[in-house]
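The values are calculated or read from the model by the stated rules, or taken from the named source; none is laboratory data. Just so it is clear, the structure is predicted and the values come from calculations on it, not from any experiment. Positions of Cβ are generated from backbone atoms using ideal geometry, with glycine treated the same way; all protein chains shown enter the neighbour counts.
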Amino acid sequence: MNAGRPVQAISTIAQAIVEEPEDSRYTRVFANWLTGYRVRGLGESLERALIICFSDKAIFYPPLFPTWLAALEEKASFSFLKEIQEWKSYEEFTQRLRPPAFEKVADDPLMLAGLPVLLSRSPALEKALTYIRRRCLESFVSQPSPGPLPFLSALGLHCFFNEFVFSVSEQEQHLLPKLKDTIESTGFDGTQTPAFAALYSCYRPLFTLTSAEALQSHADTLPLLFQELMKRQVTEPAEEQNIKKEIPALTPIKNAVSQAVRQQYEDNPYPRWHSWPKADASSPQSSQSGGIAILNAGCGTGQSPISTAVLYPCAQITGLDLSLASLAYGIRKAREMGINNIRFVQGDILELGDWNEKFHVIMSGGVLHHLDDPLRGWRNLIKLLKPNGLMKIGLYSERGRQHIVKGQEWVKTSGLPPTEEGIRAFREHVFACDPSDLLKPLADLYVFYSMSNLRDLVFHIKEHRFTCLDLQSMLEQMNMRFLGFHGLPPEIKPEYLKRFPHDAAMTNLENWDKWEQEHPFTFASMYVFWCCRADETVSADLLSSRARHLLPVRGVI
């Protein structure tokens, strides 16, 4: 890759995966290298490498999506993906994709491998999957089987992952109760019932069926994808319900906004995720993070504290969140990954004023801006910071989110509720927008393709936004010092230093405000930055000791 021949490098590592599929070093490198690339033309070795990667839970799947989609599009059986956006109706789709063509799609190994673990971030593929699902549902009334069980299981896994965000026609809404009644009234027969259940799982979770337990008892006699479907839609949700009963409550949740936000994440735990890369056991972080206490305030479904725990297994991590459903998801994932250095607790940041624990590092990304009073919440976190401690904060940018604000305003004006129906209606509107419409770019975002992500994006109950000058003012009020932004694209640093040559540390927020006026989408995701108490010295010497091995502060201090 460093030699400037990415396709050749990816081809080489793909061949290594095929030759040594058990060596996870190759799959990790492959997934990392595919970030930002849409590779075509590598043939069978690329397809086989992708299929192997999708069975490896120690890698991060989302970067594989563009190349997976490109590999599908290169196949003759998927050529319709290049045309489907021009087709005017579902009826035209059914005329063009007749049974022989559908069978090739449904039996494709690459499709069956990627569909259960990826979000479809392609309007064309989503349209195809939505139409295929509808055709399978309509066929169940007239055919012995609505479709191949492995494919229906893979599609059910996909729809469960995106929380059933695909649009549903009136005809489908009419047929779904009939499908459910058929499943509930039919004893397990080993053929029809699993296929009907898999089809139902493409619309609603299987745990909503009273016959789910009977289906589960026969799952081990059925294809592996159906077994995975039962695990994900029945076993794991039941496990999370039990975990909820074990989670300790650190604080009451009294604030009305906090209660409403909590309910949002009880309904839609955020974000859903499958896998996370394993750390290299030989890395210095693995052995030099002992004694470090970390608080992740607003940990959601555990992805952030688990990613920290993977890198720093000797650190003691606390994950706090409002939502029991989110915490239960995180606890289940931590157990699944064998991680035991995280303590998950329920609580409200606004009520942490009397908590007497202290932490070397406090992380709160994408959380404070959803509080009723962000400044009060931030002050509470500062009280928990040990001397010479560090904070990593993430806050929404006023300028960077203007395209999101347009979506929020449209939702409010249209009176759409934050329900499945309301979110689907918003998506249909965006898909139908003219390319010049300010809402259209929302369909390019990863978060547009799942229910909880999109609800968090444009249907959130509470959102504050800030400018760099707001950050400066808040930090001054709290006697905190700005240490620098985290995770900026590498090309920004030389351009910023050219623009502001006297700010070598890149910590002048007035300069950053000018920069953002000129480049308003620099912080389109959010401001993510490090800070410490203004009267404390956080030097390179400190970072070179235990804290340096904990914190990914690259080029900040």
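So, in the stretch 407-434, exactly how many residues are closer than 27 Å to Pro374 by Cα and either modelled with pLDDT under 95 or among the polar types (S, T, N, Q) (or both)? Matching residues across the stretch 407-434 total 3.
Every listed requirement among (1) out of contact with any helix residue (DSSP H, G or I) (no Cβ under 7 Å at 6 or more places or on another chain); (2) at pLDDT 90 or above; (3) over 28 Å from His369 (Cβ atoms); (4) aliphatic (A, V, I, L, M) is met by Leu250 save one, (3).
When the stretch 254-277 is limited to residues that are charged (D, E, K, R) and surrounded by 18 or more Cβ atoms within 10 Å (Cβ to Cβ), the one that is nearest to the chain's Cα centre (by Cα) turns out to be Arg272.
Residues are listed down the side, and each one gets a yes or a no for (1) more than 21 Å from the chain's Cα centre (by Cα); (2) among the small types (Gly, Ala, Ser):
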| position | (1), (2) |
| --- | --- |
| Arg5 | yes, no |
| Tyr61 | no, no |
| Leu64 | no, no |
| Ala71 | yes, yes |
| Glu74 | yes, no |
| Phe80 | yes, no |
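All of (1) modelled with pLDDT of 85 or more; (2) farther than 16 Å from Val18 by Cα hold for Arg40 with one exception: (1). Listed by first and then second residue, the pairs with beta-carbon distance under 6 Å, at least 6 apart or on different chains, first residue in the stretch 107-134 and surrounded by fewer than 20 Cβ atoms within 10 Å (Cβ to Cβ), second of a type in the set (D, E, K, R), are Leu110/Glu47. Taking every residue in the stretch 168-179 that is more than 14 Å from Ala425 (Cβ to Cβ) and pairing it with any residue that is among the basic types (Lys, Arg) and not in a helix (DSSP H, G or I), at least 6 positions away or on another chain, the pairs with Cβ-Cβ distances below 8 Å are Leu176/Arg204.
Please go through the stretch 382-401 and pick out each residue that is out of contact with any Phe, Trp or Tyr (no Cβ under 9 Å at 6 or more places or on another chain) and either under 18 Å from Cys299 (Cα atoms) or not in a strand (DSSP E or B) (or both). Selection gives Ile382 alone. Looking at the stretch 47-59, which of the residues that are modelled with pLDDT under 90 and either aliphatic (A, V, I, L, M) or within 12 Å of Leu110 (Cβ to Cβ) (or both) is farthest from the chain's Cα centre (by Cα)? So the residue we want is Ala58.
Counting only helices (runs of 4 or more DSSP H) that sit wholly inside the stretch 408-517, those with at least 1 residues that are loosely packed, with under 15 Cβ neighbours inside 10 Å are 420-432, 468-477, 492-499. When the stretch 42-94 is filtered for residues that are surrounded by 17 or more Cβ atoms within 10 Å (Cβ to Cβ), over 19 Å from Arg28 (Cα atoms) and among the β-branched types (Val, Ile, Thr), only Ile84 remains.
Looking across the stretch 26-46, the residues that are under 20 Å from Arg121 (Cα atoms) and part of a loop (DSSP other than H, G, I, E, B) come down to Thr35, Gly36, Tyr37, Arg38, Val39, Arg40. As a summary of the residue check, Cys159 satisfies the conditions (1) at pLDDT below 95; (2) under 19 Å from Glu421 (Cα atoms) except for the one numbered (1). Would the stretch 322-332 turn up any residue that is closer than 20 Å to Val367 by Cβ and either surrounded by fewer than 20 Cβ atoms within 10 Å (Cβ to Cβ) or in contact with a Leu (Cβ under 7 Å, 6 or more places away or on another chain) (or both)? No, the stretch 322-332 contains no residue that is closer than 20 Å to Val367 by Cβ and either surrounded by fewer than 20 Cβ atoms within 10 Å (Cβ to Cβ) or in contact with a Leu (Cβ under 7 Å, 6 or more places away or on another chain) (or both).
Just the residues that are out of contact with any Asp or Glu (no Cβ under 6 Å at 6 or more places or on another chain), touching a residue at least 12 places away in the same chain (Cβ under 8 Å) and over 16 Å from Thr251 (Cβ atoms), please, taken from the stretch 330-358. Listed by number, the residues that qualify are Gly330, Ile331, Lys333, Ala334, Met337, Ile339, Asn341, Ile342, Lys358. Among the conditions (1) farther than 29 Å from Gln263 by Cβ; (2) aliphatic (A, V, I, L, M); (3) touching a residue at least 60 places away in the same chain (Cβ under 8 Å), the only one that Leu475 does not satisfy is (3).
Considering every residue within the stretch 362-371, establish whether at least one is buried (at least 23 other Cβ atoms within 10 Å of the Cβ) and modelled with pLDDT under 95. No, the stretch 362-371 contains no residue that is buried (at least 23 other Cβ atoms within 10 Å of the Cβ) and modelled with pLDDT under 95. Taking the listed residues Ser77, Ser89, the one that is polar (S, T, N, Q) and out of contact with any helix residue (DSSP H, G or I) (no Cβ under 7 Å at 6 or more places or on another chain) is Ser89, with no other qualifying. Scanning the stretch 134-160 for residues that are in contact with a Gly (Cβ under 9 Å, 6 or more places away or on another chain) and either basic (Lys, Arg) or over 12 Å from Pro116 (Cβ atoms) (or both) gives Arg135, Cys136, Ser139, Phe140. Looking only at the stretch 132-153, residues that are modelled with pLDDT of 95 or more and among the hydroxyl-bearing types (Ser, Thr, Tyr) come to 1 in all.
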